[in-house]
Amino acid sequence: MDALDARYPFFAAAREAVADAAVSLPELVAADAPAVERGRERVERALMDGTVESESGEFSGESAYDVQAELLSYPIARILVSLLDSEPAIEKYAAAEAATAIDRIREDLATDDELRSVSTPTVALDDVLAEFDLVDAVRPESPRPASGAGSGRAPAHYWIDVGPYLRLTSPSWGPSWRLVNRALADGAVRVSREELLDALEAAVEERVREGLPFELAVGEGIAAELEEGVADLKRLLSERSYAGPVDVVAPELFPPCMTNLIEKADRDADLSPPESFALMAFLVGIGMTPDEVVTFCADTSLDAEGIRYQTEYLKDDRGTQYPPPTCETLANYGICHNEEDHMQVAADPLAYYEKRVAAAEEITDWRDREGDEDEKGDGAEETADAGGRE
Ligand code: SF4
């Protein structure tokens, strides 16, 4: 097993490395090996922050965990998330693994070929395409020259066969992802390099999601050994869940990160998957129902079908909501610009909003403003017809 296996534990080579190492997971768990704590951290960070990166530092072979602990924490995390017995937890875990992986892939691709070294192994785009059996399905628009000037520059666009395109992307990501709005030629769809990475993120998520949840007899064997860790995670989820601590919709009090995302969608610009997840998690977190979110986002680039899909899965069958990503995670995605240093005030957008709501003297809930023609101002007729925000 090597650092690359640890960075990409869902790759086939990593799975083989685990099998070849003939490590017994029950024995590791019984011995409370570092991989167990890291596996627990992996799930906790996925559910709370939307990333599986360790708080002790990004894994690069020099984090608090060695290669073996990092790699083996992945199968342990899969067992833990299975034991949580919650479909939304599995969805969120898989999404967080994929988001972390694509960040690492992006970093690797930014590493110039000449700078690649054995001590810091990286993947190339062809490796990732091969991993997901996409080598023949994805072609660069302008193949790189074999050598000479410009050989180090990556193509800006690719063509991906329609079948994989439809499997790995969703119209719910925004109108520009709909096939009718795409350049199509010879059974292939044109995508930018960034869009190709979005599709690969979906491929990683699909891979991680495969086979979950494991069927484990609760209270027996490894499940019994992990009982305490699972109880901790469940407690954390219920403590950190936002089952409506604020149930008031006051757009003028939204934190800047959310206002910026809404304004971007208002301009009909597509939101990236992390942007749209952050916004949906926030709107659900402040107590909006899927129908209300659809109405609120009418006339934006977000479509009703995608909103419903995302908002439904942000609630589990007990009605508990999963919190939106923290300010730190949103800053990593470039969504937060820490306006006026208000990261000092709260750790996540919901907490910030709660403080502003608590400090406000008078609030008229947006839900009660509907139909108030005076408040709608210019363009009221059009907005009222759509049922959206003023
Ligand atoms: S500090 Fe937090 S609440 Fe404020 S803009 Fe950034 S992510 Fe949003």
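Output yes when any residue across the stretch 236-248 is surrounded by fewer than 17 Cβ atoms within 10 Å (Cβ to Cβ) and within 16 Å of the ligand (Cβ to nearest atom), and no when none is. Among the residues of the stretch 236-248, at least one is surrounded by fewer than 17 Cβ atoms within 10 Å (Cβ to Cβ) and within 16 Å of the ligand (Cβ to nearest atom), which makes the answer yes. Pairing each residue of the stretch 203-225 that is of a type in the set (Val, Ile, Thr) with any residue that is open to solvent by less than 60 Å² (accessible area, probe 1.4 Å), provided the two are 6+ apart or on different chains, yields C-beta distances under 6 Å for Val204/Ala98; Val204/Ala101; Val208/Phe10; Val208/Ala94; Val208/Glu97; Ile222/Val29.
Can you tell me how many residues within the stretch 326-345 are part of a loop (DSSP other than H, G, I, E, B), touching a residue at least 40 places away in the same chain (Cβ under 8 Å) and either touching a Cys at 6+ places or on another chain (Cβ under 7 Å) or near the ligand (Cβ under 8 Å from one of its atoms) (or both)? Of the residues in the stretch 326-345, 4 are part of a loop (DSSP other than H, G, I, E, B), touching a residue at least 40 places away in the same chain (Cβ under 8 Å) and either touching a Cys at 6+ places or on another chain (Cβ under 7 Å) or near the ligand (Cβ under 8 Å from one of its atoms) (or both). In the set (1) more than 24 Å from Tyr309 (Cα to Cα); (2) open to solvent by 10 Å² or more (accessible area, probe 1.4 Å); (3) modelled with pLDDT under 95, Phe59 fails one condition alone, (2).
Please tell me if Arg190 is in contact (Cβ under 8 Å) with a residue 40 or more places away in the chain, in contact with a His (Cβ under 8 Å, 6 or more places away or on another chain) and away from the ligand (no atom under 16 Å from the Cβ). Against the criterion (in contact (Cβ under 8 Å) with a residue 40 or more places away in the chain, in contact with a His (Cβ under 8 Å, 6 or more places away or on another chain) and away from the ligand (no atom under 16 Å from the Cβ)), Arg190 qualifies. Among residues that are at pLDDT 80 or above, under 22 Å from Glu44 (Cα atoms) and of a type in the set (A, V, I, L, M), Ala281 is included. For the stretch 346-360, a residue qualifies if it is open to solvent by less than 40 Å² (accessible area, probe 1.4 Å) and outside any helix (DSSP H, G or I), and the qualifying residues are Ala346, Asp348, Ala360.
Is it the case, given these coordinates, that Glu305 is in a helix (DSSP H, G or I), under 24 Å from Glu362 (Cα atoms) and open to solvent by 60 Å² or more (accessible area, probe 1.4 Å)?
In short, no.
Might you let me know whether the stretch 281-302 holds any residue that is open to solvent by 60 Å² or more (accessible area, probe 1.4 Å) and either away from the ligand (no atom under 16 Å from the Cβ) or in contact (Cβ under 8 Å) with a residue 40 or more places away in the chain (or both)? Within the stretch 281-302, one or more residues are open to solvent by 60 Å² or more (accessible area, probe 1.4 Å) and either away from the ligand (no atom under 16 Å from the Cβ) or in contact (Cβ under 8 Å) with a residue 40 or more places away in the chain (or both).
The values are calculated or read from the model by the stated rules, or taken from the named source; none is laboratory data. Being a predicted model, the structure only gives us computed values, none of them experimental. Virtual Cβ from ideal backbone geometry, glycine too; neighbours counted across all protein chains shown. In case anyone asks, the SASA skips ligands and DNA or RNA and just uses the protein heavy atoms, side chains included. Shrake-Rupley method; radii C 1.70, N 1.55, O 1.52, S 1.80 Å.
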